[in-house]
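Note sheet for the following structure.
The values are calculated or read from the model by the stated rules, or taken from the named source; none is laboratory data. None of the values given here were measured: they were computed from a predicted structure. All Cβ positions, glycine included, derive from the backbone under ideal geometry; neighbour counts span all protein chains shown.
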Amino acid sequence: MARHRDGSAGDANYGRIGAGYVNYRQPEAQIAALIRRALGDAKTVLNVGAGAGSYEPQGLAVTAVEPSASMRAQRPAHLPVAVDAQAEQLPFADGSFDASMATFTVHQWADLGAGLREMRRVTRGPVVVMSCAPDELDRFWLQDYAPEAIEVEAKRFPRIDEIASHLGGRVEVWPVPIPLACSDGFGEAYYGRPERLLDPGARQACSAWSFVSAEVVERFVNALRRDLDSGEWDRRHGHLRQQPSFEGSLKLVVAHRG
C-alpha cells in the first residue's frame, strides 16, 4: 500500500482527516490503566502507530513510531519525538524493548501479519494490542442509524483470533469497558452521549466516517437529530445515558512469549 502525502501508510489519510484529532481523542484514564497493567514491569516500551501519543505510559522509556507527519506534529512537547517508520519495517534490533504496544492502529496497516511479527521480533516481553472485534461492532446503537459505517469498520478491523495467531505464544484477550464520560472520542465512546456525534469534528476524529459517502453522513445526521428532538432515541436507548460503562467491541490482546 502506497503512503499518503503526509506519510500515512494505512487506508485512512491522516493528512486529510487528522487535523484537530487531539481535540477529540484524549486518552481515557481507565483504559490507560488497563494498558499499563498489561505492560507489566516493563521499563522500555515501543509504541507502534503512536499517533499523537495517546496511552503512552508516563514514567517509562517510550520509543514511538508514527508514519504520518500530521499526527507526529500533534504530539505534545513532553512526549518523545516519534520515529518516522512503518510497523512492517521497524528499524530496531531483535529484543530491543521490554514491551510493545499498539492502540487503535492495526486496522490501518498494509500487512497485519508483518507488522505484528515485527513487534514480536523487537520485544522481549508482552506485546499489547488494543483493537475492536469486528463481529461485535453492531452492539453499538450506531448500527440503527449508519449501518454502512459499522460495515466498513467490520471489514477493516482484523479478527481478534487473527491478531493472536500472528503474535503467537500465550495470548490473553481482555474486554475493555468504556466509561460513560470517556475522554477518548472513538465511536463507541459516545454510547451514552449521542449528541456528540452530530459534531463534524467528532466524526472526523473517527476514521470510519472517511470511508462512507456524504449522503450516508447527511442521512445519519438528519435521522439522529430528528430522533433526539422527538425523544425517539431516548425511548430506545435512553438507559445508556446512565449506564456507567459499556462493553462493546473494544479488546486488549496481550501476548506473552511462549
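Run down GLY231, GLY238 and say which single residue is over 30 Å from ILE35 (Cβ atoms), of a type outside the set (Ser, Thr, Tyr) and surrounded by fewer than 13 Cβ atoms within 10 Å (Cβ to Cβ). Lay out the reasoning, then the answer.
Working: GLY238 fails: surrounded by fewer than 13 Cβ atoms within 10 Å (Cβ to Cβ).
Of GLY231, GLY238, the one residue that is over 30 Å from ILE35 (Cβ atoms), of a type outside the set (Ser, Thr, Tyr) and surrounded by fewer than 13 Cβ atoms within 10 Å (Cβ to Cβ) is GLY231.
Hey, does the range 108-116 have a residue that's in contact with a strand residue (DSSP E or B) (Cβ under 6 Å, 6 or more places away or on another chain) and aliphatic (A, V, I, L, M)? Explain how you work it out, then say what you get.
Let us first name the residues in the range 108-116 that are in contact with a strand residue (DSSP E or B) (Cβ under 6 Å, 6 or more places away or on another chain), namely none.
No, the range 108-116 has no match at all.
Out of GLY192, GLY238, GLY258, which single residue is without any contact (Cβ under 8 Å) to a residue 60 or more places away in the chain, assigned to a loop (DSSP other than H, G, I, E, B) and more than 18 Å from PHE104 (Cα to Cα)?
Details: GLY238 fails: assigned to a loop (DSSP other than H, G, I, E, B); GLY258 fails: without any contact (Cβ under 8 Å) to a residue 60 or more places away in the chain.
Exactly one of GLY192, GLY238, GLY258 is without any contact (Cβ under 8 Å) to a residue 60 or more places away in the chain, assigned to a loop (DSSP other than H, G, I, E, B) and more than 18 Å from PHE104 (Cα to Cα), namely GLY192.
When you check PRO158 against the structure, is it modelled with pLDDT of 95 or more, touching a Leu at 6+ places or on another chain (Cβ under 7 Å), farther than 22 Å from TYR55 by Cβ and surrounded by 14 or more Cβ atoms within 10 Å (Cβ to Cβ), yes or no?
Values: modelled with pLDDT of 95 or more: yes; touching a Leu at 6+ places or on another chain (Cβ under 7 Å): yes; farther than 22 Å from TYR55 by Cβ: no; surrounded by 14 or more Cβ atoms within 10 Å (Cβ to Cβ): yes.
It is false that PRO158 is modelled with pLDDT of 95 or more, touching a Leu at 6+ places or on another chain (Cβ under 7 Å), farther than 22 Å from TYR55 by Cβ and surrounded by 14 or more Cβ atoms within 10 Å (Cβ to Cβ).
So which residues in the range 63-96 are more than 17 Å from ALA52 (Cβ to Cβ), touching an Asp or Glu at 6+ places or on another chain (Cβ under 7 Å) and in a loop (DSSP other than H, G, I, E, B), if there are any at all?
Correct list: LEU90 only.
Among the residues of the range 33-46, is any touching a helix residue (DSSP H, G or I) at 6+ places or on another chain (Cβ under 9 Å) and surrounded by fewer than 23 Cβ atoms within 10 Å (Cβ to Cβ)? So that I can check it myself, show each step before the final result.
Going residue by residue through the range 33-46, those that are touching a helix residue (DSSP H, G or I) at 6+ places or on another chain (Cβ under 9 Å) are 46.
Next, only the ones that are surrounded by fewer than 23 Cβ atoms within 10 Å (Cβ to Cβ) stay: none.
No - not one qualifying residue is present in the range 33-46.
Is it the case, given these coordinates, that ARG170 is in contact (Cβ under 8 Å) with a residue 12 or more places away in the chain and touching a Pro at 6+ places or on another chain (Cβ under 8 Å)?
Working: in contact (Cβ under 8 Å) with a residue 12 or more places away in the chain: yes; touching a Pro at 6+ places or on another chain (Cβ under 8 Å): no.
No; evaluated as a whole, the condition is false for this residue.
Testing ILE178 on (1) surrounded by fewer than 19 Cβ atoms within 10 Å (Cβ to Cβ); (2) at pLDDT 95 or above; (3) under 21 Å from ASP135 (Cβ atoms); (4) under 19 Å from the mean Cα position of the chain (by Cα), one condition comes back false. Which one is that?
That leaves (1) as the condition not met.
Can you confirm whether PRO91 is surrounded by fewer than 22 Cβ atoms within 10 Å (Cβ to Cβ), without any contact (Cβ under 8 Å) to a residue 12 or more places away in the chain and either out of contact with any Pro (no Cβ under 8 Å at 6 or more places or on another chain) or not aliphatic (A, V, I, L, M) (or both)?
Details: surrounded by fewer than 22 Cβ atoms within 10 Å (Cβ to Cβ): yes; without any contact (Cβ under 8 Å) to a residue 12 or more places away in the chain: yes; either out of contact with any Pro (no Cβ under 8 Å at 6 or more places or on another chain) or not aliphatic (A, V, I, L, M) (or both): yes.
Spelling it out, PRO91 is indeed surrounded by fewer than 22 Cβ atoms within 10 Å (Cβ to Cβ), without any contact (Cβ under 8 Å) to a residue 12 or more places away in the chain and either out of contact with any Pro (no Cβ under 8 Å at 6 or more places or on another chain) or not aliphatic (A, V, I, L, M) (or both).
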